[in-house]
């Protein structure tokens, strides 16, 4: 099963994964909007850093869920 298929499956079947995924997408859009500013004040720079940290945390949490899911796939296929 490809990574894209796993993500699609988890988005449908795992509410927690879907929450992190949707937030990750929203944060990416927020970053793009902030990067489009011609002048970036210091408070916006701080906001950008915070968004990046949150985005990374969500990515790590999604990766952990994917790893668990892959383990269940392996376990189920060996049974």
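Coordinate-derived values only; no laboratory data. Everything numeric here is computed off the predicted structure, so don't read it as measured data. Using ideal geometry, Cβ is built from the backbone for each residue, glycine included, and neighbour counts are taken over all protein chains shown.
Can you pull out every residue in segment 1-41 that is in a helix (DSSP H, G or I), in contact (Cβ under 8 Å) with a residue 24 or more places away in the chain and either over 13 Å from the mean Cα position of the chain (by Cα) or surrounded by 15 or more Cβ atoms within 10 Å (Cβ to Cβ) (or both)? Working first, answer last.
First, pick out the residues of segment 1-41 that are in a helix (DSSP H, G or I): 3-13, 15-35.
Still in the running and in contact (Cβ under 8 Å) with a residue 24 or more places away in the chain: 3, 6-7, 9-10, 16-17, 20-21, 23-24, 27-28, 31.
Listed by number, the residues that qualify are 3, 6, 7, 9, 10, 17, 20, 21, 23, 24, 27, 31.
Of the residues that make up segment 55-62, is at least one in contact (Cβ under 8 Å) with a residue 40 or more places away in the chain, surrounded by 11 or more Cβ atoms within 10 Å (Cβ to Cβ) and either closer than 30 Å to residue 74 by Cβ or touching a helix residue (DSSP H, G or I) at 6+ places or on another chain (Cβ under 8 Å) (or both)? Looking for residues that are in contact (Cβ under 8 Å) with a residue 40 or more places away in the chain, surrounded by 11 or more Cβ atoms within 10 Å (Cβ to Cβ) and either closer than 30 Å to residue 74 by Cβ or touching a helix residue (DSSP H, G or I) at 6+ places or on another chain (Cβ under 8 Å) (or both), one finds at least one in segment 55-62, hence yes.
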